[in-house]
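Right, one structure below, let's go through it.
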Amino acid sequence: MNNKYICRVMALLSVAVLSSPMRAGTEVQPDSLPHYLELAARSNPQLQADLALYKASVEKLPQAGAYPDPELELGVFPKPMHTLMGKQVADLTLMQMFPWFGVRQAARAESEQMAKMAYEQFRERRDNIWYQVKAQWYELCGLGERYKAVQSHIDLLHQLEQLALGRFSAAGVQTAGSSSASPPRSVWQSASTSPASSTDMGGMPGMSGGMRGVSSAPMTSGANAMPQMSGSGAMSMSSGSMADVVRIQLERAELEHELLDLLSRRRAAEAKFNTLLNRSVESSVALADTLERRTLPDRAAGLLDSLLENNPMVAMLKSEARAYRAKARMDRLMSYPMIGLGLQYSMVAPYDKPILGNHGNGHDMLMPMIKVSLPIFRGKYKAQQRENKLYYQASQLKEAELHNQLRAEYLNLRLRLEESARKSDLYARQYALSQSLSRIVIQELVAGRQGLADVIAQERQLVDYRLKAIEAVVAYNTYVAALEKLLSISF
């Protein structure tokens, strides 16, 4: 195969593998995950180092199988040597050695396989970088979703705190005997119109209907029962309401601390993400508006067979085995003689008084030459053959071991994907049920059959389910990215 053609093909492959893993015709949006993948492929220092090594191995292709340089020898006689034809002044010898037939082809084949090994090593590095970028991206999206969910819950706790303060104030007024009316309706309206009840990202979408129910439901066991309570009973209601306020403040303080922790974790994750892109750690990272669980195509279930064909490490070991076979053939052919062809040119000066007359006096001489190497020491050549055979066997065994490891890793990833999918479905179902339960608890709070402590506990459970659902989606998407890395494809 023409070396220039091989170099052009390898150059085109290097450009192709640096492009984003998107299907043809798909437009890459700025600051999207495909955009960051392409940026990492073009900017990551380690990946660029492997690309440089691959290009260096491609440059070895023109060198492999080249003819040895011709040898030119020049000999000058300080004192001319007298011959019958004249005085020999100098000798000029040109010699070109030729290896045995097939040596150059075997050398080129070995070099091509070595270049393919470097290419597969580069692919492996690229897939690793892309996996890390995807994993960090999903982690950042998950942290953003967690932050929105916790912030939404804090907003709801603020509304509940205002509600508890209203109850506490109303209870204090009733204890003093100044009023027997219900707490101001504006407090219930404030709770029913909480910003958290309409949050899209998860904090508490199910709270909207519950809070509207609060504003319209009558209070049957709260203020209406207050006039019939004794002074000690009123004091108990007052202290209970104040305990609710403190309980809410404790819960909110814990969540505010969690917000700060999420911000710190996001800064660290952004720094690691930017490091993969080889840019400033302070650079901002644009994230998706929502975190969605990725979908696997139907063909993903039957990719075990193609795993052994697409994986870069398998391809690298195959190229390594082929390189050893080519080297064994080259070493075997090198054990045959090398042939050299050349010319010797002798410059002869004429005699003033020729010995044999003027015929041939001072004529230069041209002599064709042939040279043959004699590889008679066979021990080293036999050792080379044994060495190459053992290297080839080692490559075969390493490939077999890699096949076993890849099969086990593939099955493990499939099981983890199924487990993550089940968890994601479970937490989503629990979150939906918890939303319904929250509406019921709030309605019972309005009716006086539940206390604020029950509402706080239920809302805490609601946000916990939301956070677990986010973690399950992040884990699932990360396992999908790991499967893409293992198969060296993009779904």
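Within the range 59-88, the residues that satisfy the criterion of being loosely packed, with under 11 Cβ neighbours inside 10 Å, farther than 30 Å from LYS116 by Cβ and not aliphatic (A, V, I, L, M) are PRO78, LYS79. Within the range 311-344, the set of residues being in a helix (DSSP H, G or I), of a type in the set (A, V, I, L, M, F, W, C) and within 30 Å of THR93 (Cα to Cα) comprises MET330, LEU333, MET334. Of the residues making up the range 268-298, those that are surrounded by 12 or more Cβ atoms within 10 Å (Cβ to Cβ) and charged (D, E, K, R) are GLU270, LYS272, ARG279, ARG293, ARG294.
Residues in the range 192-201: is at least one modelled with pLDDT of 85 or more, in the same structural domain as LEU308 (by TED's automatic domain parsing) and among the charged types (D, E, K, R)?
Keep residues of the range 192-201 that are modelled with pLDDT of 85 or more, which gives none.
No, there is no match, as no residue in the range 192-201 is modelled with pLDDT of 85 or more, in the same structural domain as LEU308 (by TED's automatic domain parsing) and among the charged types (D, E, K, R).
Taking the numbered list (1) farther than 25 Å from ASN477 by Cα; (2) of a type in the set (Ser, Thr, Tyr); (3) under 23 Å from the mean Cα position of the chain (by Cα) in turn, TYR392 passes all entries but (3). Listed conditions (1) of a type outside the set (Gly, Ala, Ser); (2) surrounded by fewer than 20 Cβ atoms within 10 Å (Cβ to Cβ); (3) under 30 Å from GLY144 (Cα atoms) are all met by ARG325, apart from (3).
Taken over the range 100-138, residues that are within 28 Å of GLY340 (Cβ to Cβ) and not small (Gly, Ala, Ser) amount to 8.
The values are calculated or read from the model by the stated rules, or taken from the named source; none is laboratory data. In this text, all values refer to a predicted model and were calculated from it rather than measured experimentally. Every residue, glycine as well, gets a Cβ built from its backbone with ideal geometry; the counts of neighbours run over all protein chains shown.
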